[in-house]
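The block underneath contains the structure these notes are about, expressed in structure tokens.
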Amino acid sequence: MAAVTMRLPAVRAPLDSSARRGAEKHLVAPGDTITTDTGYMRGHGTYVEDEKLIASVAGVVERVNKLVCVRALKARYNGEIGDIVVGRITEVQQKRWKVETNSRLDSVLLLSSINLPGGELRRKSAEDELAMRDYLQEGDLISAEVQSIFSDGAVSLHTRSLKYGKLAQGVLVQVSPSLVKRQKTHFHDLPCGASVILGNNGFIWIYPTPEQKDDEAGGYTTNLEPVPLSDREVISRLRNCIMALVNHKMMLFDTSILYCYEASLPHQIKDILKPEVTEEIVLEARQRLLDLEG
């Protein structure tokens, strides 16, 4: 007979109600009136009708001084200068690569916007143009930074730092861009033995933390050494923890992922995505975050 797994109900500690009230957000649906005060400026996701500011998308109301905008809960990525993104090369064109970054239009990585192998600084020549597929080819995953936004909304990328470049030996997780919290850095080496790149575009890359930073290759060589089983298990657990946080619509940043990882340690990796286990570890992580905020 096949083994049957049974879990008994457990008493959960209730969330702190005062902290929960402070964390409530102003959610609106299309057509909802945000404010009737005429002193506010209209931002993204809003329009004015009969001197009332009305939401045009479903999302969270955000106020910056007198500017009011609605951040959509589920939408394509809208690039902003300085964002860190993870993308996949879809096409090699003349002096540029097309990159899929979860936005409405393919992003562009110009040949002039990359570091040459070895970090060499010089003008790009015809030989470099012929060797473009030696650097990046279709299907390659890269990390990059948003350099500018074209008039049609397409994003222009650059990889002029040695921390950007080609990615290898890891797991890609795709989530809604609205769930990735904006921070000063989106490259995190977690104490559990793996690293994550939290792309502002909703693409998250999980990979084993390298023992030493290889700055000589300029970000174009890929380490294809077999990944140890222990590292693969950590990456798999992190991936399932991120999916658990996404299922409960929690913001993704290094602390929330680490708290969820630590809460999941008593459970097997394959059990993390069971609904009752997911709820248990996410509630524990949420409580620790509320305690941290004080």
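The values are calculated or read from the model by the stated rules, or taken from the named source; none is laboratory data. Keep in mind that this is a model prediction, so the values were computed, not measured. All Cβ positions, glycine included, derive from the backbone under ideal geometry; neighbour counts span all protein chains shown. Accessible surface is based on the protein model in full, side chains and every heavy atom, while ligands, DNA and RNA are left aside. Shrake-Rupley method; radii C 1.70, N 1.55, O 1.52, S 1.80 Å.
Given the residues LYS249, LYS270, which is the only one that is open to solvent by 20 Å² or more (accessible area, probe 1.4 Å), assigned to a loop (DSSP other than H, G, I, E, B) and touching a helix residue (DSSP H, G or I) at 6+ places or on another chain (Cβ under 9 Å)?
LYS249 is the lone residue from the list that is open to solvent by 20 Å² or more (accessible area, probe 1.4 Å), assigned to a loop (DSSP other than H, G, I, E, B) and touching a helix residue (DSSP H, G or I) at 6+ places or on another chain (Cβ under 9 Å).
Looking at the stretch 210-225, can you tell me whether even one residue there is acidic (Asp, Glu) and at pLDDT 90 or above?
No: the stretch 210-225 contains no residue that is acidic (Asp, Glu) and at pLDDT 90 or above.
When you scan the stretch 227-242, how many residues do you find that are within 11 Å of LEU179 (Cβ to Cβ) and surrounded by fewer than 20 Cβ atoms within 10 Å (Cβ to Cβ)?
Matching residues across the stretch 227-242 total 0.
Within the stretch 38-60, work out how many residues are in a loop (DSSP other than H, G, I, E, B), of a type outside the set (Ser, Thr, Tyr) and either open to solvent by 80 Å² or more (accessible area, probe 1.4 Å) or under 23 Å from PRO177 (Cα atoms) (or both).
Qualifying residue count for the region: 7.
Go through (1) touching a residue at least 24 places away in the same chain (Cβ under 8 Å); (2) over 14 Å from the mean Cα position of the chain (by Cα); (3) buried (at least 17 other Cβ atoms within 10 Å of the Cβ) for ASN102 and report which single condition fails.
Status for ASN102: all satisfied but (2).
Just to be sure I understand, how many residues within the stretch 77-99 are more than 21 Å from GLN183 (Cβ to Cβ) and either of a type outside the set (S, T, N, Q) or without any contact (Cβ under 8 Å) to a residue 12 or more places away in the chain (or both)?
Selection size over the stretch 77-99: 10.
How many residues are within 28 Å of the chain's Cα centre (by Cα), over 15 Å from GLN93 (Cα atoms) and charged (D, E, K, R) if we restrict to the stretch 111-139?
Adding up the residues that qualify gives 0.
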